[in-house]
Amino acid sequence: MIRVHNIAVSFDLGGGQEHWVLRDLWLEVEQGQTVSIIGSNGAGKSTLLNAIAGTVPLRAGKIFLDGSDVTGLPEWERAMYVGRVRQDPLAGTAGDMTVLDNLALAARKGPRRFRIATPPKFVREMEDRVSELGMGLEDRLHENVSRLSGGQRQALTLLMAVLSRPSVLLLDEHTAALDPANAEIVGEITRRFIAEKGLTALMVTHDMKRALEQADRVVMMHEGEIIADLSGAEKEQMDVAGLVKLFKKARGAEYAEDRDLLS
Amino acid sequence: MVEGILVEGLIYGILALGVFVSFRVLDFPDLTVEGSFPAGAAAGAVIAQAASLSPNGLVKALAVPVGMLAGFLAGGAAGFITATVHHRLKVPPLLAGIVTMTGLYSINLRILGGKPNLPLIMNNPMLTLARSFMGGLLSPEWSLLASCIFVCLLLFGLLDLFFHTEIGIAMGALGDNENAVIQAGIQPNRLRTWGIMLANALPGLSGAMAAAYQGFADVNLGQGVVASGLATVMLGELIVHSQFIGVQLVRVFLGSIIFRALMYAARSWGYVAGITPNDLRLLTALLIVASVAISRYGRKHR
């Protein structure tokens, strides 16, 4: 469960000038709900995820995860609630460590213990989990992650993000840096994980077809504000053309082109 | 001669292990070692000296190991200071290390009782201990070597085990991708502090052993040890390629023995080429440059 209550984020431009990336934003996501976030570049989609994960400071407002106020907490403490996958496949894994060691790192949240990280039971369990990805990683558990392809690495990052069963999954255009075939595979794994584990997920994407198909709810952002919020029957009846039309209308300008929303 | 090189190689190999932990595992270029190594030597010498004069027979017999423990702890404390300066005041690693190293010079002088050099009155104490250990089976020199091998094997076993624990894995990941560690809900600065403490406790232990081996502690013992430690680590990496932490630890000792052998050769036969002991630092520097050059060339042509 995610509650974002009237948050504001701004960057200091110097000389007393400020750029407001998010203003007075309110968003509530119920347990088990998948919400996709779409919008043009600079709409504040990634900043919203960063604000929830704790990597940008808030100027105002509060954020609750699982009912707890996490507003002032540093990123590592919020990570107790959050699993996160970013666009860059290199961002979430340690490249010079083995697949198995990476999984051991992600298997549990919180302080570490003086205990062997990869006992035989854990290795067998991970063989099963990794083979479910269907990317041939089960034979490469003892290889360094830097030797994997971008698709394999992002699939591993995704598995690592959900391994400890976090209450919230944040996906920031996590298939955008992959080739179409791998993007398709990783997108499918994402859908399966969210369904199987009943995760609460926020998914930033430029793929409007996927945004409609994979989410229970579609939120459209523009210039730091939510300009449309579709769920239930309203979302079911929506299609890509309808989203574009909605975007143009909300933006209230003729010059808005499809490209602005899609790129 | 051979046993001398091996003993020195093992003792300074422990120092290089510390450099390996900071530079390679944590990706934290730590110069504190120039202060924590002599700090370990000073604390080790003073404590061992005091213990050897104890009326308690057991304490007296364990004077050198007790001194080694003191050196280990002194080094760890030095690492804690560097880590705290780095984390609390956001001072970059190199500067944090220089600050600690500079301050430690004065502290080390105080530990040594205001003198730059403290001879150990107990005559070559480690030798005595080693001799009593081996019960006269081996010659004193080889007994000493056997004791050093024992210490290094113990240390290797503990470190190899450590880097397979949850904490050890997280420490390895920290130097690789801090974000992955944060995502695991780990406070990264606390973990790094433990790592930097370990990276200086090992040189502290090495310093205590060096003092016992040489029969004196000197405040200038630390000069150039970061460079020699780095040269050692790089030599090891040139010889053995491996992603396994156990092999990486062993190759530090291999690199150290080779480094000591090279230095010995330069000291003994260098005069043929006009090399004097004054040139050893230059040789160390050239060795680092050569190691980097060779490994870069090797990577490009693999």
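The values are calculated or read from the model by the stated rules, or taken from the named source; none is laboratory data. None of the values given here were measured: they were computed from a predicted structure. Please note: Cβ atoms are built from the backbone with ideal geometry, for glycine as well, and neighbour counts cover all protein chains shown.
Name the residues in the stretch A:89-112 that are in a helix (DSSP H, G or I), within 18 Å of B:Phe162 (Cα to Cα) and touching a His at 6+ places or on another chain (Cβ under 8 Å), would you?
A:Leu100
Any idea which of B:Val219, B:Val225 is of a type in the set (Val, Ile, Thr), within 12 Å of the chain's Cα centre (by Cα) and under 25 Å from B:Met101 (Cα atoms)?
B:Val225
Does the stretch A:30-46 contain any residue that is more than 7 Å from chain B (Cβ to nearest Cβ), without any contact (Cβ under 8 Å) to a residue 12 or more places away in the chain and of a type outside the set (Asp, Glu)?
No, because not a single residue in the stretch A:30-46 is more than 7 Å from chain B (Cβ to nearest Cβ), without any contact (Cβ under 8 Å) to a residue 12 or more places away in the chain and of a type outside the set (Asp, Glu).
Mind listing whichever residues of the stretch B:133-188 are more than 7 Å from chain A (Cβ to nearest Cβ), farther than 14 Å from B:Leu26 by Cβ and without any contact (Cβ under 8 Å) to a residue 12 or more places away in the chain?
B:Gly135, B:Gly136, B:Leu137, B:Leu138, B:Ser139, B:Phe150, B:Leu153, B:Leu154, B:Gly157, B:Leu158, B:Leu161
Across the stretch A:69-81, which residue is farthest from A:Pro166 (Cα to Cα) among those that are in contact with a strand residue (DSSP E or B) (Cβ under 7 Å, 6 or more places away or on another chain) and either within 8 Å of chain B (Cβ to nearest Cβ) or part of a loop (DSSP other than H, G, I, E, B) (or both)?
A:Thr71
If you take just the helices (runs of 4 or more DSSP H) that sit entirely in the stretch A:146-247, which of them hold at least 3 residues that are closer than 21 Å to A:Glu28 by Cα and away from chain B (no Cβ under 14 Å)?
A:180-197, A:208-214, A:232-236
Does the stretch B:52-66 hold any residues that are in contact with a helix residue (DSSP H, G or I) (Cβ under 9 Å, 6 or more places away or on another chain) and hydrophobic (A, V, I, L, M, F, W, C), and which are they?
Passing the criteria: B:Leu53, B:Val59, B:Ala61, B:Leu62, B:Ala63, B:Val64, B:Val66.
Take B:Glu178 and tell me if it is acidic (Asp, Glu) and at pLDDT 95 or above.
The answer is yes for B:Glu178.
Please list, ordered by first then second residue, the pairs with beta carbon atoms under 9 Å, 6 or more apart or interchain, first in the stretch B:271-293 and part of a helix (DSSP H, G or I), second among the charged types (D, E, K, R) and surrounded by 10 or more Cβ atoms within 10 Å (Cβ to Cβ).
Short answer, once both residue conditions are applied: B:Pro277/B:Arg267; B:Leu280/B:Arg267; B:Ser291/B:Glu237.
Among the residues of the stretch B:235-246, are any over 28 Å from A:Val162 (Cα atoms), surrounded by 22 or more Cβ atoms within 10 Å (Cβ to Cβ) and more than 14 Å from chain A (Cβ to nearest Cβ)?
Yes, that holds for at least one residue.
Filter the stretch A:87-101 down to the residues that are without any contact (Cβ under 8 Å) to a residue 60 or more places away in the chain and more than 7 Å from chain B (Cβ to nearest Cβ) and list them by number.
Result: A:Thr98, A:Val99, A:Leu100.
Only one of A:Arg153, A:Arg165 is at pLDDT 95 or above, out of contact with any strand residue (DSSP E or B) (no Cβ under 6 Å at 6 or more places or on another chain) and not aromatic (Phe, Trp, Tyr); which?
Just one listed residue meets the conditions, A:Arg153.
Any idea which of (1) more than 21 Å from A:Ile226 (Cβ to Cβ); (2) touching a residue at least 24 places away in the same chain (Cβ under 8 Å); (3) of a type outside the set (Ser, Thr, Tyr) is the one A:Leu58 doesn't satisfy?
Result: A:Leu58 fails condition (1) only.
Out of the residues in the stretch A:115-136 meeting the condition of being part of a loop (DSSP other than H, G, I, E, B) and more than 14 Å from every other protein chain (Cβ to nearest Cβ), tell me which one is surrounded by the most Cβ atoms within 10 Å (Cβ to Cβ).
The qualifying residue surrounded by the most Cβ atoms within 10 Å (Cβ to Cβ) is A:Met135.
So which residues in the stretch B:224-242 are assigned to a loop (DSSP other than H, G, I, E, B) and farther than 20 Å from B:Gly157 by Cβ, if there are any at all?
B:Gly224, B:His241
Among (1) more than 16 Å from the chain's Cα centre (by Cα); (2) in a helix (DSSP H, G or I), where does B:Gly113 come up short?
Failed condition: (2).
Residue check: is B:Ser22 of a type in the set (Gly, Ala, Ser) and in a loop (DSSP other than H, G, I, E, B)?
no
Mind telling me which of the residues A:Arg112, A:Arg84 ends up being basic (Lys, Arg), facing chain B (nearest Cβ under 7 Å) and in contact (Cβ under 8 Å) with a residue 60 or more places away in the chain?
Checking each option against the conditions leaves just A:Arg84.
Just to be sure before I move on: is B:Met197 within 14 Å of another protein chain (Cβ to nearest Cβ), buried (at least 19 other Cβ atoms within 10 Å of the Cβ) and at pLDDT 95 or above in the structure I sent?
no
Does any residue of the stretch B:118-134 turn out to be within 19 Å of the chain's Cα centre (by Cα) and at pLDDT 95 or above?
no
Kindly indicate which of A:Ile63, A:Ile7, A:Ile38 is in a strand (DSSP E or B), farther than 28 Å from B:Ile186 by Cβ, at pLDDT 90 or above and not small (Gly, Ala, Ser).
A:Ile38 is the lone residue from the list that is in a strand (DSSP E or B), farther than 28 Å from B:Ile186 by Cβ, at pLDDT 90 or above and not small (Gly, Ala, Ser).
Any residue at all in the stretch B:78-94 that is modelled with pLDDT of 95 or more, part of a helix (DSSP H, G or I) and polar (S, T, N, Q)?
yes
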